[in-house]
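Report on one structure; see the data block that follows.
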Amino acid sequence: MDALVSKYNVPGPRYTSYPTVPYWDEASFTTAGWKHSLLRGLRFRESEHTTAISLYIHLPFCESMCTFCGCTKRITKNHLVERPYIKALLKELQLYKDFIGDRLAIQQLHLGGGTPTFFSAENLDDLLTGIFRIVPKTPSADLSFEGHPNNTTPAHLKMFSNQGFTRVCYGVQDYNETVQIAINRVQPFENVAQATIQARKFGFTSVGHDIIYGLPFQTHQHVIHTIEQTIRLMPDRIAFYSYAHVPWIKGNGQRGYSEEHLPSPEQKRLQYETGKKMLLQAGYIEIGMDHFALPTDDLCRALQNGLLHRNFMGYSSSKTDVMIGLGVSAIGDSWYGFAQNVKTLKEYYECLKEDQLPLLRGHLLDKEDLIVRKHILNIMCQFETSWETDDLYLPALDTIHTQLKEMQQDGLVQLEEGRLTVTEAGKPYVRNVCLPFDLRLQRKKPQTRLFSMTV
């Protein structure tokens, strides 16, 4: 195992999109092009009254900084920021509706952050009521939010339940005090247990926990303890992430410790393999990369039925071609294009004041991009892909195949005529399997390190 870890521990994307953000063609991106790609992705049909979309809403505020976090956030204890931000979010959604029209319906909605439960239950209720007034939800809408175990209250859970939410994901990360202090995320097991039990009491049918391995000062025994505590609560979904150490991108938070405080690549792989084994023994099913779910969860059923999807919100059992992102730094996806919002509140408010979509950058996919995107989605969601049909053929397949042959020799993939399958041994290296298909990266290798390590 150590030899494979050393060989394949290279910088690589997590592939929540293709092309990945550093390889977007920002120079040719325009707001008009983004709007056109949205209308193309919506594919309005005369026989249908509405077209379903996904909605991601970024709530950036946190009262303190978790040093492991790579998200756009604003650290403040001033809760007067809540109402102006809600007003801006509703205006942004209205701008989208103004040019798209009335035939939208929300199939999937996720509140991410930041810390969504930084906001009061009352203010979140007003936000959601305003959202659904502008764009109604479908009868089967999948609604979820990220909750902080320390500040998710019964009032929050009751409000979300009344609004139709059935899923919550709590950020746990690690249960050991040394690690919690290092990442500035101190939360006792009792807080997580209470938040989990209360969510189920209020009717949430899918409670998820996020756990991270490879954190500063984290040991093999720490991971065992964290997984043992997690299994006591049996959350429906578990995201078991590798910590991404990118201080050159995320700045002062991750500069509070150095790489010498992190587990070695070999130790990280042992942490993951041990945690994975414990979860599988407890009855969880491995879902794509770094995710696990109970057989009763929708995510597991989506995997079994070939309906698993992946986008900027992670793995999902609900697939729509269009995802609109609201809020600072949020990313939208029309299938034919991506667009990211500005990253500061000042710019965000100024754009909306001028009745402009607050876009910072984006990318419009060409024909090759669309084919590569399908292959990478297949690998990330189903651990296999095929180029037996013309719509998945790429002229560069000979070169891609040559790179994959070495992975086959190492037992990570199985290659047949027109088909690739990731083996059990290869699943921890699924990001590496995607790399040969990433033609934009292959043609322009970065001169500086852009991504976290794959192991």
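A few notes on this one:
- Within the accessible area of the chain, the carbon and sulfur atoms contribute 51%, probe 1.4 Å, all protein chains present.
- Charge context of Met289, other residues only, Cβ under 10 angstrom, K/R +1, D/E -1: +2
- Across segment 304-309, coupling constants 3J(HN,Hα) worked out from phi with the 6.51/-1.76/1.60 Karplus curve, θ = phi - 60°, read 5, 8, x, 10, 5, 10 Hz, and Gly and Pro carry x.
- Solvent-accessible surface ranking, highest first, for Arg43, Arg431, Arg167 at 1.4 angstrom: Arg43, Arg167, Arg431
- Sorting 369-379, 418-428 by their mean Cβ neighbour count within 10 Å, with the most densely packed peptide first, gives 369-379, 418-428.
- For the peptides 404-415, 220-231, the ranking by mean Cβ contacts within 10 Å, running from highest to lowest, is 220-231, 404-415.
- What the pair-distance distribution of segment 303-375 shows, using all Cα-Cα distances binned every 5 Å from zero, is 3, 15, 21, 20, 17, 12, 7, 4, 1, 0 percent.
- Note on segment 73-170: semi-axes of the ellipsoid equivalent to its C-alpha gyration tensor, largest first and rounded to whole Å, are 23, 17, 11.
- Each residue of segment 381-389 is assigned a 3J(HN,Hα), and the resulting list reads 9, 10, 6, 7, 7, 9, 10, 6, 9 Hz, derived from the Karplus form 6.51 cos²θ - 1.76 cosθ + 1.60 (θ = phi - 60°), x at Gly and Pro.
- Projecting label points 7 angstrom from Cα along Cα→Cβ for Thr138 and Ile224 puts them 4.6 nm apart.
- Taking the chain and dividing mean pair separation by its residue count, relative contact order in percent (alpha carbons under 8 Å, at least six apart): 21 percent
- In this structure the amide hydrogen of Ala330, modeled in the peptide plane, comes within under 5 Å of the amide hydrogens of Asn341, none closer than 5 places in sequence on its chain.
- Dimensionless Rg/Rh of segment 131-205 - Kirkwood Rh, Rg from C-alpha atoms: 1.07
- Amide H contacts of Asp210 (H built 1.01 Å from N, under 5 Å, at least 5 apart or other chain): Tyr170, Gly171, Val172, Gln173, Ala239
- Per residue, in Å², the accessible surface of segment 1-121 once ligands and nucleic acids are set aside, probe 1.4 Å: 44 Å²
- Under 15 Å from the Cα of Lys268 - aspartates and glutamates, other chains or at least 8 residues apart: Asp2, Asp174, Glu259, Glu260, Asp290
- Taking a straight line from the alpha carbon of Lys77, these lysines sit under 30 Å away, with near neighbours fewer than eight places off in the same chain left out: Lys87, Lys91, Lys158, Lys201, Lys250, Lys343, Lys346, Lys353.
- Hits among lysines - C-alpha to C-alpha of Lys319 under 17 Å, sequence gap 8 or more where chains match: Lys137, Lys374
- The protection proxy used here, the mean number of other Cβ atoms lying within 10 Å of each residue, ranks peptides 296-305, 233-242 as follows, highest first: 233-242, 296-305.
- The sum of -39500 (n - 2.57) across all DSSP H runs of n ≥ 4, divided by the residue count of the chain, sets its helix-only mean residue ellipticity at 222 nm to -11000 deg cm²/dmol.
- Spherically averaged projected area of the convex hull of Cα atoms, segment 166-319: 9.4 nm².
- Heavy-atom accessible area per residue - segment 175-238, 1.4 Å, Å²: 41 Å²
- Heavy-atom accessible area ranking, 1.4 Å probe, most first, across Ser317, Ser6: Ser6, Ser317
- Antiparallel %, DSSP beta bridges [both residues in the chain], to 5: 40 percent
- Shape analysis of the chain based on the Cα gyration tensor places the equivalent ellipsoid semi-axes at 31, 29, 22 Å, largest first.
- Karplus-derived HN-Hα couplings along segment 160-177 (A = 6.51, B = -1.76, C = 1.60, θ = phi - 60°), whole Hz, x at Gly and Pro: 4, 4, 5, 7, x, 6, 10, 10, 9, 10, 9, x, 9, 6, 6, 9, 9, 4
- Largest accessible area first, the listed residues Met380, Met453 line up as Met453, Met380 when surface is computed with a 1.4 Å probe on the assembled protein chains.
The values are calculated or read from the model by the stated rules, or taken from the named source; none is laboratory data. Keep in mind the model is a prediction, meaning the values are calculated, not measured. Because the Cβ atoms are built from the backbone with ideal geometry, glycine has one as well, and the counts that use them run over all protein chains shown. These accessible areas exclude ligands, DNA and RNA; they are computed on the full protein's heavy atoms, side chains included. Shrake-Rupley method; radii C 1.70, N 1.55, O 1.52, S 1.80 Å.
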